[in-house]
1. Take the residues in segment 7-17 that are in a helix (DSSP H, G or I) and in contact (Cβ under 8 Å) with a residue 24 or more places away in the chain; name whichever of them is surrounded by the fewest Cβ atoms within 10 Å (Cβ to Cβ).
2. Run residue 235 past the list (1) more than 20 Å from residue 126 (Cβ to Cβ); (2) surrounded by fewer than 19 Cβ atoms within 10 Å (Cβ to Cβ) and report the number of the one that doesn't hold.
3. I need a count of the residues in segment 23-56 that are at pLDDT 90 or above and buried (at least 16 other Cβ atoms within 10 Å of the Cβ).
4. State yes or no: is residue 85 touching a helix residue (DSSP H, G or I) at 6+ places or on another chain (Cβ under 8 Å), closer than 30 Å to residue 139 by Cα, at pLDDT 95 or above and surrounded by 15 or more Cβ atoms within 10 Å (Cβ to Cβ)?
5. Does residue 90 satisfy the criteria of being surrounded by 15 or more Cβ atoms within 10 Å (Cβ to Cβ), more than 30 Å from residue 391 (Cα to Cα), more than 22 Å from the chain's Cα centre (by Cα) and modelled with pLDDT of 95 or more?
6. Do we find that residue 89 is over 24 Å from residue 330 (Cα atoms) and touching a strand residue (DSSP E or B) at 6+ places or on another chain (Cβ under 9 Å) in this structure?
7. Regarding segment 229-236, can at least one residue be identified that is at pLDDT below 95, more than 18 Å from the chain's Cα centre (by Cα) and under 22 Å from residue 135 (Cβ atoms)?
8. Just one of the numbered conditions (1) buried (at least 16 other Cβ atoms within 10 Å of the Cβ); (2) free of Cβ contacts under 8 Å to residues at least 40 places away in the same chain; (3) over 29 Å from residue 287 (Cα atoms) is not true of residue 97; which one?
């Protein structure tokens, strides 16, 4: 059947083998925080705060670094292709000691670096500017308190140095994404002041030039959140301007915009002015609720635009959701596979014929081709990709996840 499908696509000018090659070489960065509900390993055990909330209490949450790594190994075994780990600063190995955020060092993450090396994967990193007493009022790098700003500047600077060490040791540039929750529940009196302080803090954070072969800086915007419904300092306009001016990567999170606003249409515009793009593929429902990614229209549109723009080489694809209402392993697998399927569908689009019809002004043929493409047997190609990577199909993966839940997750309490 696969050979027949290849011929069907070939009639439309699509090279299926080339699409599979691209799939194999396009990693998805797996967010560690799905495995433990954004708890981390600082030992504080406090509330998330800063507008973050995880709902549900499904059994089997990872409680230690070893449990989280074991869960991630299970996830990686169920995903075709080679992927990456995305780690937040609160996930360091602090040996039971109190290490404040401005004091973190490479040694606290060496275990994760060694684990990634053993898995043969790259790693990305994030400063954690939330769930801390110095972020209790929802302000960090834009705070009017100079001491608060200095603390978070030092934390972000330390995170960049750690990321550079990660990239150097693993031989793959580490994307360091700076997101801060700064905002206000009610109307501010001086929006400009907050944004001027944020810009000045970021300038200091990024002041030290690091080897781009080891570290890639990214900044992330947001529209609103719990406790910041009226004002978010780091808006899309703020960070797009900052990324353009300073030529950093810009992070677009699918859940950080208006619920009816998709990020796919932004991709081509942003890539004209910033060097690289970081995507946090998520699924916002009503608000930035970070639901498990699905093989839905929005995810397909994101991947379609990346392929149509020939932008995969300039884009870093990561996931960002946390769901504790279902099996956490399944959430990872379902979400990552949905992103991969969306990418495969985009790669199997008859782009050359579509472009030729459009340039010729033949919009009738363009529309027909788009509709024909929707009905082509792409799932046969997906199953072939899974088979070539010795990973189970979707339904087979569920059986493995259920077995792991019974053997491993059910005994955690």
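1. 8
2. (1)
3. Step one: list which residues in segment 23-56 are at pLDDT 90 or above, which gives 23-42, 56.
Retained after the next criterion (residues that are buried (at least 16 other Cβ atoms within 10 Å of the Cβ)): 23, 26-42.
Of the residues in that region, 18 qualify.
4. yes
5. Numbers: surrounded by 15 or more Cβ atoms within 10 Å (Cβ to Cβ): yes; more than 30 Å from residue 391 (Cα to Cα): yes; more than 22 Å from the chain's Cα centre (by Cα): no; modelled with pLDDT of 95 or more: yes.
No: the conditions fail for residue 90.
6. Working: over 24 Å from residue 330 (Cα atoms): yes; touching a strand residue (DSSP E or B) at 6+ places or on another chain (Cβ under 9 Å): yes.
The answer is yes for residue 89.
7. If we filter segment 229-236 for residues that are at pLDDT below 95, which is where we start, we get 229.
Restricting the remaining residues to those that are more than 18 Å from the chain's Cα centre (by Cα) gives 229.
Imposing the further condition that a residue be under 22 Å from residue 135 (Cβ atoms) reduces the set to 229.
Checking segment 229-236: at least one residue is at pLDDT below 95, more than 18 Å from the chain's Cα centre (by Cα) and under 22 Å from residue 135 (Cβ atoms).
8. Every listed condition holds for residue 97 apart from (1).
The values are calculated or read from the model by the stated rules, or taken from the named source; none is laboratory data. Small disclaimer: the values here were computed from a predicted structure and weren't measured. Positions of Cβ are generated from backbone atoms using ideal geometry, with glycine treated the same way; all protein chains shown enter the neighbour counts.
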